[in-house]
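Chemist: Sharing a structure here in C-alpha cells format.
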Ligand code: NAP
C-alpha cells in the first residue's frame with residue numbers, strides 16, 4: 001500500500017535506536033525526509049547514514065537532549081515546517097512508589113509529558129495553516145495497564161494522554177491528527193535494561209527473566225522496532241486521516257481486555 005507521504009518532512013525524536021529508529025526507518029521507506037534526534041552524536045549519525053544509504057532520503061541529524069528547550073529549538077530550526085512529528089524520549093527509571101521525590105517526578109513529567117506537549121505546541125499552528133499534519137507520540141502500554149515498578153512512567157504519560165485526548169479533537173478539523181502509540185515490551189535496549197533490573201531485583205538469570213516476561217505476552221515474544229515503525233507510518237499516512245485521538249496498544253495481546 002502506498003502511504004501517500006513521499007516527500008513529506010518529519011521530525012522524529014529520540015531516534016538513533018529502538019522504537020524511534022523503527023519509526024524513522026518506516027517513514028524513510030515511504031520517502032519521507034527526516035530530521036532525527038538523540039543525545040549521542042555518534043550513534044545518531046550512524047543511524048542517519050544507514051537510513052540515507054538504504055532509503056535515499058534526506059536525513060539531518062540534530063544531536064542533543066530533546067528535553068531541553070535549546071535542542072527542541074534546533075530541531076525546529078532544522079525543520080521549520082514539519083508535516084509529521086514523532087515525539088519520544090527515554091523512559092524514567094524503575095522503582096517503587098516510595099522511592100521518588102518531587103525532583104524525580106519533575107524530571108519524568110518534563111521528559112515524557114511536557115517535552116512532547118512543547119513540541120506539539122510549536123508545530124501545530126503551522127500544520128493547521130497548511131491544512132495537513134500528523135503527530136504520533138510514543139507513550140507506553142503502562143497508560144492502559146499500570147506497570148507497578150514504572151510509577152514515574154505511569155504518572156507522566158497519563159498526563160500526556162489527557163492533553164492529547166482534548167487537543168486532538170481541537171485540531172482534527174484542520175486535517176491534523178494526533179494519536180499515541182502505546183508499546184508493550186519490544187526488543188530494544190530499554191527492554192534489555194528492564195530485563196536486567198528484573199534479574200537483579202529477583203535474583204534470577206537473564207534468560208529466566210526474559211522467559212518469564214515472554215510468558216506474559218500471548219504472542220509469546222517481544223515486539224520489534226520494525227513492527228512498531230510500521231504502525232507509526234500508517235498513522236502518518238494519508239489513509240489515517242480519520243484516526244483521531246486514539247491510543248493504539250502494540251503489546252502482542254498482553255493487555256487482557258475485550259476492548
Ligand atoms: P531505547 O532502545 O533505549 O532507545 C531510546 C532512544 O532514545 C535512543 O536513540 C536514545 O539515544 C534516545 N534518547 C533517550 N533519551 C533521550 C533524550 N532525552 N533526548 C534525545 N534522545 C533521547 O528505548 P526504546 O525501547 O526505543 O523506548 C522508547 C520509549 O518507549 C521510551 O520512552 C520507553 O520508556 C518507551 N517504552 C518502551 C518499551 C519497550 O519495551 N521497548 C515499552 C514501553 C514503553 P541517546 O541515549 O543517545 O539519547
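Chemist: Let me confirm something: among 168, 153, 158, 140, which residue is away from the ligand (no atom under 16 Å from the Cβ) and either within 26 Å of residue 233 (Cβ to Cβ) or at pLDDT 95 or above (or both)?
Modeler: Numbers: 153 fails: away from the ligand (no atom under 16 Å from the Cβ); 158 fails: away from the ligand (no atom under 16 Å from the Cβ); 140 fails: away from the ligand (no atom under 16 Å from the Cβ).
Selected residue: 168, the only one of 168, 153, 158, 140 that is away from the ligand (no atom under 16 Å from the Cβ) and either within 26 Å of residue 233 (Cβ to Cβ) or at pLDDT 95 or above (or both).
Chemist: Cβ-Cβ distance below 7 Å, separation of 6 or more or different chains: which pairs start in segment 18-31 with a residue that is over 18 Å from residue 191 (Cβ atoms) and end on one that is away from the ligand (no atom under 14 Å from the Cβ) and in a helix (DSSP H, G or I)?
Modeler: Partner pairs satisfying both residue conditions: 26/230; 26/233; 27/233; 28/55; 29/55; 30/233.
Chemist: Failed condition for residue 71, given (1) over 30 Å from residue 195 (Cα atoms); (2) surrounded by 15 or more Cβ atoms within 10 Å (Cβ to Cβ); (3) more than 10 Å from the ligand (Cβ to nearest atom), with all others met?
Modeler: The number of the failed condition is (3).
Chemist: Would you say residue 42 is within 14 Å of the ligand (Cβ to nearest atom), modelled with pLDDT of 95 or more and surrounded by fewer than 21 Cβ atoms within 10 Å (Cβ to Cβ)? Please lay out each step first, then the result.
Modeler: Values: within 14 Å of the ligand (Cβ to nearest atom): yes; modelled with pLDDT of 95 or more: yes; surrounded by fewer than 21 Cβ atoms within 10 Å (Cβ to Cβ): yes.
Taking the combined requirement at face value, the residue satisfies it.
Chemist: Mind listing whichever residues of segment 121-137 are under 21 Å from residue 73 (Cβ atoms), away from the ligand (no atom under 13 Å from the Cβ) and within 18 Å of the chain's Cα centre (by Cα)? Steps first, please.
Modeler: Filtering segment 121-137 for residues under 21 Å from residue 73 (Cβ atoms) gives 121-130, 133, 135, 137.
In the following step, the residues that additionally are away from the ligand (no atom under 13 Å from the Cβ) were identified as 121-130, 133, 135.
Those that are under 21 Å from residue 73 (Cβ atoms), away from the ligand (no atom under 13 Å from the Cβ) and within 18 Å of the chain's Cα centre (by Cα): 121, 122, 123, 124, 133, 135.
Chemist: Does residue 118 satisfy the criteria of being surrounded by fewer than 21 Cβ atoms within 10 Å (Cβ to Cβ), modelled with pLDDT of 95 or more, within 20 Å of the chain's Cα centre (by Cα) and not in a helix (DSSP H, G or I)? Spell out how you get there, then give the answer.
Modeler: Working: surrounded by fewer than 21 Cβ atoms within 10 Å (Cβ to Cβ): yes; modelled with pLDDT of 95 or more: yes; within 20 Å of the chain's Cα centre (by Cα): yes; not in a helix (DSSP H, G or I): no.
In short, no.
Chemist: Quick check on segment 156-165. Is at least one of its residues surrounded by 16 or more Cβ atoms within 10 Å (Cβ to Cβ) and more than 22 Å from residue 117 (Cα to Cα)?
Modeler: no
Chemist: Then there is this: The conditions are (1) within 15 Å of the ligand (Cβ to nearest atom); (2) surrounded by fewer than 17 Cβ atoms within 10 Å (Cβ to Cβ), and residue 109 fails exactly one of them. Which is it?
Modeler: Tallying (1) within 15 Å of the ligand (Cβ to nearest atom); (2) surrounded by fewer than 17 Cβ atoms within 10 Å (Cβ to Cβ), residue 109 fails exactly one: (2).
Chemist: Mind counting the residues in segment 57-76 that are within 24 Å of residue 25 (Cβ to Cβ) and either outside any strand (DSSP E or B) or out of contact with any helix residue (DSSP H, G or I) (no Cβ under 6 Å at 6 or more places or on another chain) (or both)? Working first, answer last.
Modeler: Taking segment 57-76 and keeping what is within 24 Å of residue 25 (Cβ to Cβ), we get 57-67, 71-72, 74-76.
Okay, now just the ones that are also either outside any strand (DSSP E or B) or out of contact with any helix residue (DSSP H, G or I) (no Cβ under 6 Å at 6 or more places or on another chain) (or both), so 57-58, 64-67, 71-72, 74-76.
Looking only at that region, the number is 11.
Chemist: Out of (1) touching a residue at least 12 places away in the same chain (Cβ under 8 Å); (2) within 16 Å of the ligand (Cβ to nearest atom); (3) assigned to a helix (DSSP H, G or I), the odd one out for residue 49 is which?
Modeler: (1)
The values are calculated or read from the model by the stated rules, or taken from the named source; none is laboratory data. From a predicted model like this one, the values you see are computed outputs, not experimental measurements. All Cβ positions, even for glycine, are placed from backbone atoms using ideal geometry, and neighbour counts span all protein chains on display.
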